[in-house]
Amino acid sequence: MARRRQLYEGKAKILFEGPEPGTLVQYFKDDATAFNSQKKGTITGKGVLNNRISEYLMLRLGEIGVPTHFVRRLNMREQLIREVEIIPVEVVVRNVAAGSLSKRLGIPEGTRLPRSIIEYYYKNDALQSPMVAEEHITAFGWAGTQDMDDMVALTLRINDFLTGLFLGVGITLVDFKVEFGRLYENDDMRIVLADEISPDNCRLWDSKTNEKMDKDRFRRDLGKVEEAYQEVARRLGILPEAGVRDLKGPETLQ
Ligand code: UDP
């Protein structure tokens with residue numbers, strides 16, 4: 001079969017033209033970057049695990065009525081998604097202080113926040129995705145006020161649901177980043193969850209030991225990065241059938 005036309009290559013994923021109009025194929029790479037791409041590396045098997053983890057979380061979210069771009073998994077590294085117009089805003093939710101919040105505001109890592117905090121970042125690599133206020137987003141037309149209301153409502157539901165889901169498998173959802181897109185159907189437009197939800201864009205700590213089970217292991221050279229991603233998948237009950245021996249997965253596209 002002919003190779004699909006590549007539309008976009010990002011830091012951790014590649015998007016290909018889908019098999020039918022309005023669809024795309026999302027391919028998960030093993031590449032990892034941190035600190036605005038200053039640090040680069042490979043986490044063997046990450047793409048296979050993130051494909052599974054994101055599939056699982058998006059399906060569970062779909063079941064509670066959160067619309068997502070996910071259609072179905074195609075193979076070890078690829079999933080079919082609906083083509084959406086990505087809103088250039090990264091929505092971060094925090095339940096426990098960590099990362100840039102701790103650094104900027106001097107709140108020690110691990111401090112439980114009095115309530116969940118939502119932050120926005122303008123999705124722009126050249127500008128290193130600066131933090132912005134809702135005012136900037138609406139003034140510059142990146143999203144309208146209705147879009148923002150929809151995104152916040154969805155984000156809070158996602159946070160509540162995922163917090164419970166992870167707690168059930170002994171993991172604290174410290175913070176995470178989501179992206180949304182506009183899905184056009186006939187004359188309608190809906191805001192749907194897009195991109196991925198995986199240990200690449202969540203902070204996940206073991207509830208008992210607070211051990212990090214996410215990309216911070218790569219960012220901070222803590223070692224056992226693959227093992228941490230695998231452990232998240234194992235606890236969610238979704239390790240690939242082939243088990244840990246075959247995490248590289250097929251390199252060829254369908
Ligand atoms: N995050 C992300 N992509 C980014 C920046 C942050 O997925 O470009 C996620 C990150 O994994 C964490 C949350 O958003 O779960 C909050 O990240 P933070 O602002 O603390 O930045 P960091 O410390 O990752 O630079």
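The values are calculated or read from the model by the stated rules, or taken from the named source; none is laboratory data. Quantities reported herein were computed from a predicted structural model and do not represent experimental measurements. Every residue, glycine as well, gets a Cβ built from its backbone with ideal geometry; the counts of neighbours run over all protein chains shown.
Here are the numbers for this structure:
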| item | result |
| --- | --- |
| Test: residue in the range 235-250 that is buried (at least 17 other Cβ atoms within 10 Å of the Cβ) and at pLDDT 95 or above | yes |
| Test for Ile81: is it within 16 Å of Ile197 (Cα to Cα), touching a His at 6+ places or on another chain (Cβ under 7 Å) and in contact (Cβ under 8 Å) with a residue 12 or more places away in the chain | yes |
| Leading residue by the ranking (farthest from the chain's Cα centre (by Cα)) among those in the range 71-104 that are of a type in the set (Val, Ile, Thr) and over 17 Å from Leu57 (Cβ atoms) | Val96 |
| Members of the range 73-92 that are in contact with a Ser or Thr (Cβ under 9 Å, 6 or more places away or on another chain), more than 13 Å from the ligand (Cβ to nearest atom) and not in a loop (DSSP other than H, G, I, E, B) | Gln79, Leu80, Ile81, Arg82 |
| Strands (runs of 3 or more DSSP E) fully within the range 151-236 counting 3 or more residues that are within 16 Å of the ligand (Cβ to nearest atom) and on the phi < 0 side of the Ramachandran plot | 171-185, 202-206 |
| One residue from Phe35, Phe16 being away from the ligand (no atom under 16 Å from the Cβ) and aromatic (Phe, Trp, Tyr) | Phe16 |
| Matching residues in the range 10-43 - criterion: being surrounded by 13 or more Cβ atoms within 10 Å (Cβ to Cβ), part of a strand (DSSP E or B) and free of Cβ contacts under 8 Å to residues at least 40 places away in the same chain | Ile14, Leu15, Glu17, Asp31, Thr33, Thr42 |
| Within the range 153-170, considering residues that are touching a strand residue (DSSP E or B) at 6+ places or on another chain (Cβ under 8 Å) and exposed (fewer than 15 other Cβ atoms within 10 Å of the Cβ), the one farthest from Glu231 (Cα to Cα) | Leu156 |
| Any hit, the range 93-112, residues being more than 13 Å from the ligand (Cβ to nearest atom), at pLDDT 95 or above and surrounded by 18 or more Cβ atoms within 10 Å (Cβ to Cβ) | no |
| Scan of the range 93-123 for residues that are assigned to a helix (DSSP H, G or I), more than 22 Å from Asp206 (Cα to Cα) and among the hydrophobic types (A, V, I, L, M, F, W, C), ordered by number | Leu105 |
